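> Input: one structure, supplied below.
Read-outs: derived from the displayed coordinates by stated rules, not from any lab. Since we're looking at a predicted model, the values are computed, not measured. Glycine also receives a Cβ, built like all others from the backbone with ideal geometry; neighbour counts cover every protein chain displayed.
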Amino acid sequence: MKIARSLIALSLLVSPLVAVPAFSREDGPFPKHSTFSTLVTTPFPIEGMTGDNDGNLYAPERMAGASVSCRVWRVNIDSPTLVVVGTIPAPSATGQCAPLGLAFDRGGKLYVTEADKIYRFTPKAGTPPGADLFASGVPGANGVAFDRDGKLWTSDGTTGQGRVWRIDAHGTPTEMFRIQPIANEVNLNSSGVGGVGRDVRTLPLGTITVTQLTRNAANTAGSQPLVANGLAFDDDGDLIVSDTARGALWKVNLDHHGNVRSRMGCDTTFTPNTLCLENIFVAHPLLEGADGIALDRAGNIWVDANERNAVVIVTKNGKTVREVFRNAPDAATKLRNGGPLEFNTSPVLSDRKFCTANLDANRRDNSPNIAGEIATPTPPSLPTGPLGKISCMDQRLSIPGMRLPVRW
């Protein structure tokens with residue numbers, strides 16, 4: 001497949017723009033009666049997303065099986081078309097590019113994770129640049145965030161080891177701490193089989209056998225080892241980390257030099273730099289499947305709970321956890337896979353607008369992922385429609401998002 005590397009602006013089906021009020025006073029600062037509409041659809045899947053201070057969103061496409069570069073799209077919220085502003089190279093080993101997290105630095109460069117590497121480029125429409133390699137040696141690189149000193153942090157995602165690295169200006173990563181994995185490795189055999197702890201499974205693709213006496217596993221699918229996912233810094237300079245498997249947020253206290261002050265090494269069956277469990281900021285069933293996170297200017301944390309097709313707010317003090325939205329079940333099937341959210345992954349608070357990327361992964365509430373607006377075909381069938389989309393809340397937020405580092 002040939003893909004033009006020059007400016008691409010695609011007019012897509014977009015919901016009509018209508019004037020909508022902010023949440024009513026009875027809702028308080030957190031929405032209770034929100035609705036979502038599609039801002040724009042994308043020809044290939046998207047997962048990571050960020051924004052700038054001019055109302056633009058940025059999302060890299062994920063193109064399975066394509067030995068070409070993946071495009072990074074810019075979408076203006078008020079005039080939503082897809083504009084290519086850069087490209088990420090496909091890994092030579094797999095021929096597939098699957099970028100995840102992305103973030104701007106203060107100078108306007110955009111950093112994008114891809115496998116065990118991080119690339120960067122300055123977005124430009126018309127003549128979109130190819131990204132340069134910034135850092136390597138960060139396997140599973142997933143969530144990314146810049147601290148107040150301009151250093152980039154990234155998590156290890158689906159590797160399940162819970163590692164979080166800080167990367168200096170020269171692209172050299174240093175492992176700073178680990179989120180405690182779901183299981184340790186003390187009794188692994190020569191094939192790597194064993195572990196003491198838990199195996200968190202997601203249904204589907206996992207299944208159970210239901211009887212009057214038990215609900216035990218019927219297969220071995222659906223394991224969810226991901227404990228270090230989305231990253232975001234709060235106004236105090238502490239790092240918030242979403243824990244997908246536990247349905248939790250961790251808060252890591254850092255000093256003014258970016259060194260970890262939170263206690264580590266409480267459990268000697270894990271590595272010495274593993275955070276103690278006391279550093280869990282909040283754990284709640286509403287947070288199961290927690291993926292990307294974003295903060296508003298009051299310090300409240302907005303969470304994409306992707307496995308539940310839901311958006312959740314955690315207050316700054318962690319005392320309140322509230323579901324803002326969840327797909328309603330279909331009246332006939334009782335499934336929640338028909339949208340408007342379709343495995344929502346990366347939230348962005350653009351002033352008073354909440355938007356999120358949708359990956360349409362085949363897990364839990366979004367399974368089977370053959371329903372909805374971006375129905376993913378079952379191989380070997382080829383796609384006949386869009387495979388990704390950006391959804392936005394129809395109502396204005398009462399508290400705007402944190403200022404982003406870049407204006408265009």
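> Using the beta-carbon distance between K109 and A298 and R0 = 41 Å, what value does 1/(1 + (r/R0)^6) give for FRET efficiency, to the nearest 0.05?
Values: r = 29 Å, r/R0 = 0.70.
Working from the Cβ atoms, E equals 0.90.
> Please give the contour-minus-distance gain from R396 to T269: 0.36 nm per residue of separation, less the Cα-Cα distance, rounded to one decimal in nm. Let's see the in-between values first.
On the way: separation 127, 0.36 × 127 = 45.72 nm, distance 4.73 nm.
Net length gain for the segment: 41.0 nm.
> Is the shape of segment 109-153 best called rounded, prolate or oblate, per the rule: a/c under 1.5 gives rounded, else a/b larger than b/c gives prolate, else oblate, with a ≥ b ≥ c the square roots of the Cα gyration tensor eigenvalues? Mind dumping the intermediate values first?
Values: a/c = 2.53, a/b = 1.40, b/c = 1.81.
Note, shape of segment 109-153 comes out oblate.
> So which cysteines of the chain have no other cysteine's Cβ under 4.7 Å from theirs?
Result for the chain is empty; each Cys has a Cβ neighbour under 4.7 Å.
> Let me ask you something else. In what sequence, highest mean first, do 388-394, 132-138, 118-124, 214-220 appear when ranked by Cβ atoms within 10 angstrom?
Numbers: 388-394: 23.3, 132-138: 16.9, 118-124: 20.3, 214-220: 11.1.
Taking the mean over residues of other Cβ atoms within 10 Å, the ranking is 388-394, 118-124, 132-138, 214-220.
> Taking only Cα atoms and a 10 Å spring cutoff, compute GNM fluctuations for the chain and point out the largest among R261, R71, R308.
The residue that fluctuates most here is R261.
> For the ranges 34-47, 274-287, what's the packing order if you count other beta-carbon atoms within 10 Å of each residue, average per peptide, and put the highest first?
Details: 34-47: 21.1, 274-287: 17.6.
Per-residue mean Cβ counts within 10 Å order the peptides as 34-47, 274-287.
> Calculate the spin-label point distance for T35 paired with A332, positioning each point 7 Å from the Cα along the beta-carbon direction, and give it in nanometres.
Placing both labels 7 Å along Cα→Cβ, they lie 2.3 nm apart.
> Another question, if that's okay. What does the extension gain come out to for Q212 and D235, with contour length at 0.36 nm per residue minus their alpha carbon separation?
Working: separation 23, 0.36 × 23 = 8.28 nm, distance 5.09 nm.
Extending this stretch completely gives an extra 3.2 nm.
> What does the charge dipole of the chain about its Cα centre add up to, to the nearest 20 debye, if the Cβ of each Lys and Arg holds +1 and the Cβ of each Asp and Glu holds -1? Intermediate results must be reported in sequence, preceding the final value.
Working: 40 positive and 39 negative charges, 66 e Å.
Value, rounded to 20: 320 debye.
> Between I370 and D255, how many nm apart are label points set 7 Å from Cα along the C-beta direction?
5.8 nm
> Where a ≥ b ≥ c are the square roots of the eigenvalues of the C-alpha gyration tensor, would you call segment 176-219 rounded, which needs a/c under 1.5, or, failing that, prolate if a/b is larger than b/c, or oblate?
Values: a/c = 2.80, a/b = 1.91, b/c = 1.46.
Taking the square roots of the gyration eigenvalues as a ≥ b ≥ c, segment 176-219 is prolate.
> Is segment 73-157 best put as rounded, prolate or oblate by its Cα gyration tensor, with a ≥ b ≥ c the root eigenvalues, rounded for a/c under 1.5, and otherwise prolate when a/b is larger than b/c, oblate when not? Present the calculation step by step, with values, prior to reporting the outcome.
Values: a/c = 1.80, a/b = 1.24, b/c = 1.46.
Taking the square roots of the gyration eigenvalues as a ≥ b ≥ c, segment 73-157 is oblate.
> Among L239, L397, L203, whose mean-square fluctuation peaks in a Gaussian network model of the chain (Cα, cutoff 10 Å)?
Its mean-square fluctuation being the largest, the pick is L203.
> Top mean-square fluctuation among T81, T207, T113, Gaussian network model of the chain, C-alpha springs under 10 Å?
Top of the fluctuation ranking is T207.
> Oh, and also: Which one is right for this structure if Rg and Dmax of the Cα atoms in Å is calculated from it: [x] 20.4, 64; [y] 22.6, 76; [z] 27.1, 84?
[x]
> Cβ under 15 Å from A218's Cβ, A218 left aside: what net charge do those residues give with Lys, Arg +1 and Asp, Glu -1? Each step should come with its number before you reach the end.
Details: positive: R201, R215; negative: D199.
Once positives and negatives cancel, what remains is +1.
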